[in-house]
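The values are calculated or read from the model by the stated rules, or taken from the named source; none is laboratory data. For clarity, every value in this text was computed on a predicted model and none was experimentally measured. Here the Cβ positions follow ideal geometry from the backbone for every residue, glycine too, while neighbour counts run over all protein chains shown. Just so you know, the surface numbers come from the protein's heavy atoms only, side chains and all, with ligands and any DNA or RNA stripped out. Shrake-Rupley method; radii C 1.70, N 1.55, O 1.52, S 1.80 Å.
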Amino acid sequence: MTSYKSFAMLLNDIEKFSEDQQITEAGSLIKNAREALRKDLRDQAEKRHSSRKSDISTGAQLHS
């Protein structure tokens, strides 16, 4: 009976490790997605800023 209990505990530990690993991987994916979104938003803001600077230097009307 002890070996069955030990085996069941081992399976439970493996299952728990797998769940923890999935949570860790999901957290990592979320972190990477947030960083990519921030970079994209930053790039868009810089592009708008550069476009406005160009409009100002050429005397074009600003569009808000």
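Here the stretch 10-55 has 55 percent of its accessible surface on carbon and sulfur atoms, given a 1.4 Å probe and all protein chains in place. Cross-link reach is defined here as a Cα-Cα straight distance under 20 Å, omitting same-chain residues fewer than 8 places apart; for LYS39 the lysines meeting it are LYS31, LYS47. Helix 2-58 and the long axis of the chain differ in direction by around 0°, with both axes built from C-alpha atoms. Ligands, DNA and RNA aside, THR24 has an accessible area near 90 Å² when probed at 1.4 Å. Here the chain is assigned +1 on the Cβ of each Lys and Arg and -1 on the Cβ of each Asp and Glu. Its dipole about the Cα centre then comes out at about 460 debye. Note on GLN22 and ASP43: the extension gain reaches 4.4 nm, defined as 0.36 nm multiplied by sequence separation minus the Cα-Cα distance.
Where (i) 13.8, 40; (ii) 26.4, 86; (iii) 15.6, 54 are the candidate values, the label of the one calculated here for Rg and Dmax of the Cα atoms in Å is (ii).
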